[in-house]
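Worksheet: the structure to be examined is printed underneath.
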Amino acid sequence: MMHIDIPDLQEFRALATARGEVFVSLYLPTSPLHPDANRIAFKDVAKDAISQLREAAVSKRIIESFERQSGALSGRIQEGLDDNKYRLSGANTLASVEEFWKSQAHGLGVLARPETKSMHTYRLPIRPKPLAEVADRFHLAPLIRTMTSPLEIFVLAISEGGARLLHVVVNMPPARVPVAHVSENPAETLDRPSLHIRAPRRRLQNLEGEKILEAQYARKVDRAVGEALAGRSTPMVLAAAEPMLSIFREVNTYPHLIAEVIEGSPDHRSDAQLGDAALPILDRLYRNEVKGILDLYDELKPHRATSDVSHAAHAATAAAIDRLVVDLDRVIPGVVSDIDGSVTYSVSDDAETYSVLDEVARRALCTDARVVCARSEEMPAGHALAAILRYAF
């Protein structure tokens, strides 16, 4: 099983607003099957960061501090190291490092502050490009992509043969979600011998009685699923055939059940097959959201929408962005003022600059805007972003 670490919004805000003399951001693709290759790839991007620190004439003390941090994480240096997911210290340092490199996902982000000797690690379900970035703040574009991309969906497979709830995450095998008081056998869930009524039983009469029992079963499953997913906003897709499909939709109370379905009885589909069927639905759901925002952008421009990067930077700084579509594969180097959001562009990306698009997305996220990533071909007229504003700005 792969391990995933994605920062919540509060943690992201802390990372996004942190400022100082030197911040080092490292990203690299990893594999859960090749811990030694992961470690070598990390050493390579760490060396790149050290070269950038030296080129930027950073003090020797800070460079040595980062060398100790990166060396401890790679296992080359046996020195205490704290991060947000692992505590690598004392006699168990090497054992903890070994376990860390064995429990990787598809990508790794390492955010270090040599001045304060702090380091955060994030194991990601995406494969970022190898990157070492030195600046006065963290480079968060890969984390933003992870936080704003479609990564997970629930699948509720329900039929007369039973019900199961799956958690499907991109690049991971689906996992069953425990649902209290729901058995895989519908009759056991209702505490009856069967859902089928072969002869009149009190007020239950044949097909009419079966429909009543099926509705009772659907309601019980709905209540249990609602309890299991309380507080979640992750979309859920039904895997069902008629008549159970329509019956469950009538009683459903989970607010994030989507319209598209995995058609046909799920009884003869494995968890893996249902997961494979759900991922294209998740992608279409996300692409439709992107299209919806861009359609609204067309309606509201130029007064309540903009694709001008400088205008969007001003708006993001003033908390005026409501929705933002951004192409995070594009890099526009520069500096954005913390005071008014004015942009100073640069011809190259170095230790003194960062990606302006990353910064606009970062500020929008920190002010509760909905941020989504799009492919270059989806963006309007080749623009790098499209922002819908909360008011004319």
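The values are calculated or read from the model by the stated rules, or taken from the named source; none is laboratory data. This structure is a prediction, so every number in the text was calculated from the model and none was measured. No Cβ is skipped: glycine too gets one built from the backbone with ideal geometry, and neighbour counts run over all protein chains shown.
Can you tell me which residue is farthest from the chain's Cα centre (by Cα) among those in segment 97-114 that are surrounded by 19 or more Cβ atoms within 10 Å (Cβ to Cβ) and assigned to a helix (DSSP H, G or I)?
If we take residues in segment 97-114 being surrounded by 19 or more Cβ atoms within 10 Å (Cβ to Cβ) and assigned to a helix (DSSP H, G or I), then V97 is farthest from the chain's Cα centre (by Cα).
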Could you tell me whether V261 is of a type in the set (V, I, T) and at pLDDT 95 or above? yes
Taking the stated definitions as given, is G292 among the small types (G, A, S), over 14 Å from L156 (Cα atoms) and modelled with pLDDT of 95 or more? yes
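Across segment 12-30, what is the total count of residues that are in a helix (DSSP H, G or I) and either loosely packed, with under 15 Cβ neighbours inside 10 Å or on the phi > 0 side of the Ramachandran plot (or both)?
Residues flagged as in a helix (DSSP H, G or I) and either loosely packed, with under 15 Cβ neighbours inside 10 Å or on the phi > 0 side of the Ramachandran plot (or both) within segment 12-30 amount to 2.
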Can you tell me which of (1) modelled with pLDDT under 90; (2) touching a Phe, Trp or Tyr at 6+ places or on another chain (Cβ under 7 Å) is the one M1 doesn't meet? (2)
Candidate set from segment 137-149 (those that are modelled with pLDDT of 85 or more and not in a helix (DSSP H, G or I)); member that is farthest from V24 (Cα to Cα): L140
For segment 318-332, does any single residue satisfy the condition of being in contact with a Cys (Cβ under 7 Å, 6 or more places away or on another chain) and not assigned by TED's automatic domain parsing to the domain that holds K129? yes
If I go through segment 233-251 residue by residue, how many of them are within 18 Å of L285 (Cα to Cα) and at pLDDT below 95? 2
Listed by first then second residue, the pairs whose first member lies in segment 222-238 and is in the same structural domain as Q273 (by TED's automatic domain parsing), whose partner is of a type in the set (G, A, S) and assigned to a helix (DSSP H, G or I), with beta carbons under 8 Å and at least 6 positions apart or on separate chains, are V237/A278
Mind telling me which of the residues A180, A187 ends up being modelled with pLDDT under 90 and surrounded by 16 or more Cβ atoms within 10 Å (Cβ to Cβ)? A187
Evaluate the following for H34: is it more than 20 Å from P114 (Cα to Cα), in contact with a strand residue (DSSP E or B) (Cβ under 7 Å, 6 or more places away or on another chain) and surrounded by fewer than 19 Cβ atoms within 10 Å (Cβ to Cβ)? no
Determine if segment 270-285 includes at least one residue that is of a type in the set (D, E) and under 20 Å from I144 (Cβ atoms). yes
From the options V336, V309, V343, residue that is in contact with a strand residue (DSSP E or B) (Cβ under 8 Å, 6 or more places away or on another chain) and within 17 Å of E133 (Cβ to Cβ): V336
Going by the structure shown, is V356 over 26 Å from G20 (Cβ atoms), outside the structural domain of R19 (by TED's automatic domain parsing) and among the aliphatic types (A, V, I, L, M)? no
Can you tell me which residue is farthest from the chain's Cα centre (by Cα) among those in segment 235-257 that are surrounded by fewer than 16 Cβ atoms within 10 Å (Cβ to Cβ) and within 17 Å of H167 (Cα to Cα)? P255
Does R362 satisfy the condition of being farther than 17 Å from Y297 by Cα, outside the structural domain of Q52 (by TED's automatic domain parsing) and either in contact with a strand residue (DSSP E or B) (Cβ under 6 Å, 6 or more places away or on another chain) or in a helix (DSSP H, G or I) (or both)? yes
Candidates A387, A381, filtered to the one that is touching a strand residue (DSSP E or B) at 6+ places or on another chain (Cβ under 9 Å) and of a type in the set (A, V, I, L, M, F, W, C): A387
Tell me, yes or no, whether segment 374-381 has at least one residue that is under 27 Å from the mean Cα position of the chain (by Cα) and part of a strand (DSSP E or B). no
Selection status of E289, surrounded by fewer than 18 Cβ atoms within 10 Å (Cβ to Cβ), touching a residue at least 24 places away in the same chain (Cβ under 8 Å) and closer than 20 Å to P380 by Cα: yes
May I ask you to list the residues in segment 258-286 that are surrounded by fewer than 16 Cβ atoms within 10 Å (Cβ to Cβ) and of a type in the set (D, E)? E260, E263, D267, D276, D283
Sort out which residues of segment 302-325 are in contact (Cβ under 8 Å) with a residue 40 or more places away in the chain and small (G, A, S), and write them in order of number. A305, S307, A312, A313, A315, A316, A318, A319, A320
Residue selected from segment 326-337 under the condition without any contact (Cβ under 8 Å) to a residue 40 or more places away in the chain and outside any strand (DSSP E or B), by the criterion surrounded by the fewest Cβ atoms within 10 Å (Cβ to Cβ): S337
